[in-house]
Amino acid sequence: MRFGETGGTGSRISGGLVLLCVAVLSSPALAMHGLDAEELYSLPLQELMELEITSSTLTRKTLRSVPASVTVFTRDQIREMGADYLYELINFVPGFQAFRQGADGMQYFHSARGHRTSVKSREVLILVDGVRMIREADSGAAIPMLSLYNVAKVEFIRGPGSAIYGSNAFLGVINIETVRGQDAAQVVGGEHGRMQFNGVYSFAQGDSELNLALNHFAEDGQTYTLENINVSPPQQVTGKDPRKGTDFQFSARTGDYRLQGMISRQEAEDYYIVERAASDLNHSYHDVAYLQLMRDLDWQPGLHTRLELGYSANAFKLNTEIRGLGITRTDQQETNLQLIARNAWQYASQNSLEFGLELRESDMSSVYSTQTRGDLEFYPDVERTITGVYVQNQRYYDSGLQVVVGGRYDDYDDVGDSFSPRVSLVYPVSPRHTVKALYGEAFRAPNANELYLVGVTLVGNPDLKPETIKTSELIWISLWGHHRLTVNGHYNVIEDSIYSTTTFLNRTEDEAFYGMEIDYAVQLSSQWQLQVNATALRNLPASDYREADRLSSFILNYQSGRWNVNVNASYAGTRHMQVGADKVALDDYWLLNSKWMYRLNQHANLYINGRNLLDEDYGTPTRLTLHTDAMPNRGRELMVGVELGF
């Protein structure tokens, strides 16, 4: 079975990785840079500090000036690391973690700062080119294996984001911007029947442009020992995790108008479906489609408006066998209509005002058919209307001090209203050091499952209130020579936290927890760059026992001539799973990856990419207490690919 080796595997690998880093960093190649200090200062590390970050305030900021804890990955960084999907990248962000649970073979649920309700990733909002990529019905990610191939940049905002985005921006926001103006493709083949094709195409003429992207993957999957809990006592069975998916994205612009959209389908078979092992029956589908029209208006110098009209449709279907119900099929559908007006007004040389309105209408339904009870409804057809209004003022002082004050009011026709304020101070103490003091509040509205579910062992509660969080942060950023260091301390208080027993309830007591995040990067030479981060969390809520409270990662990149070599690894500390009435500790682990890329010519690269190179055998927590074994995870994966640029 692919998990659970004992004897402190994580610690042994940790020591090995340290020795590897020391050996590499002390090699003669490090001294062969031949650049002076001024040239080194202009290398990618400094360029990264000047990257535009827009998701925190909806205005252009940099890593030093943005009033938030932010980690950014560019297209080149993602490509060098060999990360194909969003869940693979998440584990390299301070405070974030993603791991597999048994919803199906392709869902890797993520969390920020150690808090997550249920198995869904309900506390982090995902945006793709400004479009919400979560399901309103259950707050889960709409696309479980979101491809990174056509991504230009990913911004990870840690901390509350409801002052701009409303619900679900509870502990973080992941903002993804796709590429434009590029023509490229890659073909990949690998172990376990892996096949992958990705391509982007662009066309421009005058003030018009068209961008297309296609992503396709298919895998036979690896083999696991699974636990069949449909029988008593549970029995071990053999299963695999085949999966496949295709998505097509487009963006067309002419003048002040832009139309963008996506169609995606992803499927998983065998493995677990809602933690049931039924190899001949298990099948899940994730379907997403959206269309969004935008128009930019410049009323006068300093006053800009963007209007957005969007429509999306999501479907989540699964088929499995559940003890007592027999063969069970679930069909969850929803549609969303959204209108947004965003305004930016530079009303004085050192003052700007951002304000906007968001209207959203959602229609949701969820039905299931069972072998023993016939057709049933998880909940009846549900309609939800959401109105949100936000305002934000930014003030800049001659001393360099930046003050941001804002808030958003949201009204839900089924669960009431919420107000989410924010206040931040950003001050450059010196050319090398910047200090940020932040306070923000956020909320998460109960979803349709939590309100209206009619299940076998769990029912919804229409009287639920939104859960809220209050977060205070202090951030120090230091940039000297070839080094960058960011240290963050945060304190969080959750009120009315939603939890489940046989129904969903709001906790009457507050839950307070805190933590620290450290991120260090150094440009070692013209060829070598190293980035390391670590996270420590304290006093996590008792319900978050599945989350690790110690996280770390490193990325080491070497580039010389035609070669680029990247070695990266992520660490997750001890997690727990509940077995009956007991909580069982799972081993910590390191996952080591590497990508070696060789430039054949100006238009083609050849590479080999390896994930979990040490074939770490590790388990992650289950949701159901009926299991005695943890969820098995993928072992070593090797693949080769060809990149083409046109």
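Looking only at segment 445-480, how many residues end up being farther than 23 Å from residue 334 by Cα, at pLDDT 95 or above and not in a strand (DSSP E or B)? Residues that pass the stated criteria total 0. Evaluated against (1) part of a loop (DSSP other than H, G, I, E, B); (2) hydrophobic (A, V, I, L, M, F, W, C); (3) touching a His at 6+ places or on another chain (Cβ under 7 Å), residue 83 falls short on exactly one condition, (3). Would you pick out the residues in segment 170-210 that are over 26 Å from the mean Cα position of the chain (by Cα) and assigned to a strand (DSSP E or B)? Matches in segment 170-210: 202, 203, 204, 205, 208, 209, 210. Across segment 75-97, not a single residue is classified as of a type in the set (A, V, I, L, M, F, W, C), at negative phi, touching an Asp or Glu at 6+ places or on another chain (Cβ under 7 Å) and surrounded by 24 or more Cβ atoms within 10 Å (Cβ to Cβ). A search for C-beta distances below 9 Å between a residue of segment 50-65 that is more than 16 Å from residue 408 (Cβ to Cβ) and any residue that is at pLDDT below 95 and among the acidic types (Asp, Glu), counting only pairs 6+ apart in sequence or on different chains, returns 60/52; 61/52; 62/50; 62/52; 63/50; 64/50.
Does at least one position in segment 572-583 carry a residue that is surrounded by fewer than 21 Cβ atoms within 10 Å (Cβ to Cβ), assigned to a strand (DSSP E or B), more than 21 Å from the chain's Cα centre (by Cα) and of a type in the set (A, V, I, L, M, F, W, C)?
In the first step, residues of segment 572-583 are kept if they are surrounded by fewer than 21 Cβ atoms within 10 Å (Cβ to Cβ); the result is 573-574, 576, 578-583.
Filter once more, keeping what is assigned to a strand (DSSP E or B): 576, 578-579, 582-583.
Keeping just the survivors that are more than 21 Å from the chain's Cα centre (by Cα) gives 576, 578-579, 582-583.
Still in the list and also of a type in the set (A, V, I, L, M, F, W, C): 579.
Yes: one or more hits.
When segment 612-639 is limited to residues that are out of contact with any Ser or Thr (no Cβ under 9 Å at 6 or more places or on another chain) and of a type in the set (Lys, Arg), the one that is surrounded by the fewest Cβ atoms within 10 Å (Cβ to Cβ) turns out to be 636.
Listed by first and then second residue, the pairs with beta-carbon distance under 8 Å, at least 6 apart or on different chains, first residue in segment 473-487 and over 18 Å from residue 440 (Cβ atoms), second aromatic (Phe, Trp, Tyr) and modelled with pLDDT under 95, are 481/41; 482/41. Entry remark, segment 550-574: residues being under 30 Å from residue 115 (Cα atoms) and either small (Gly, Ala, Ser) or touching a residue at least 60 places away in the same chain (Cβ under 8 Å) (or both) number 13 in total. Of all residues in segment 183-207, those that are touching a residue at least 12 places away in the same chain (Cβ under 8 Å) have Cβ atoms under 7 Å from Cβ atoms of residues that are hydrophobic (A, V, I, L, M, F, W, C) and part of a loop (DSSP other than H, G, I, E, B), 6 or more apart or on another chain, in 183/646; 184/646; 200/179. Which condition breaks for residue 509 when tested against (1) under 30 Å from residue 457 (Cβ atoms); (2) within 26 Å of the chain's Cα centre (by Cα)? Only one criterion in (1) under 30 Å from residue 457 (Cβ atoms); (2) within 26 Å of the chain's Cα centre (by Cα) is unmet by residue 509, namely (2).
Can you spot a residue in segment 279-288 that is part of a strand (DSSP E or B), modelled with pLDDT of 95 or more, out of contact with any Phe, Trp or Tyr (no Cβ under 9 Å at 6 or more places or on another chain) and under 25 Å from residue 358 (Cβ atoms)? The answer is yes, given that some residue of segment 279-288 is part of a strand (DSSP E or B), modelled with pLDDT of 95 or more, out of contact with any Phe, Trp or Tyr (no Cβ under 9 Å at 6 or more places or on another chain) and under 25 Å from residue 358 (Cβ atoms).
Within segment 418-452, restricting attention to residues that are crowded, with 22+ Cβ neighbours inside 10 Å and among the aliphatic types (A, V, I, L, M), which residue is nearest to residue 397 (Cα to Cα)? My answer is 426.
The condition of being in a strand (DSSP E or B) and touching a His at 6+ places or on another chain (Cβ under 7 Å) holds for only one of 344, 313, that being 344.
Pairing each residue of segment 301-314 that is exposed (fewer than 15 other Cβ atoms within 10 Å of the Cβ) with any residue that is at pLDDT 95 or above and aromatic (Phe, Trp, Tyr), provided the two are 6+ apart or on different chains, yields C-beta distances under 6 Å for 303/345. Restricting the search to strands (runs of 3 or more DSSP E) fully inside segment 348-444 and requiring at least 1 residues that are among the hydroxyl-bearing types (Ser, Thr, Tyr) and more than 27 Å from residue 306 (Cα to Cα) gives 351-370, 374-396, 416-428, 433-444. When 517, 547 are screened for being touching a strand residue (DSSP E or B) at 6+ places or on another chain (Cβ under 9 Å), under 30 Å from residue 581 (Cβ atoms) and either in contact (Cβ under 8 Å) with a residue 24 or more places away in the chain or not in a loop (DSSP other than H, G, I, E, B) (or both), only 547 passes. Note on segment 215-268: residues that are assigned to a strand (DSSP E or B) and over 30 Å from residue 297 (Cα atoms) amount to 27. Residues that are modelled with pLDDT under 95 and surrounded by fewer than 16 Cβ atoms within 10 Å (Cβ to Cβ) within segment 527-544 comprise just one, 542.
The rows are residues; the columns are (1) crowded, with 20+ Cβ neighbours inside 10 Å; (2) in contact with a Leu (Cβ under 8 Å, 6 or more places away or on another chain); (3) among the aromatic types (Phe, Trp, Tyr).
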site	(1), (2), (3)
334	yes, no, no
379	yes, yes, yes
396	no, no, yes
413	no, no, no
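The values are calculated or read from the model by the stated rules, or taken from the named source; none is laboratory data. Being a predicted model, the structure only gives us computed values, none of them experimental. Please note: Cβ atoms are built from the backbone with ideal geometry, for glycine as well, and neighbour counts cover all protein chains shown.
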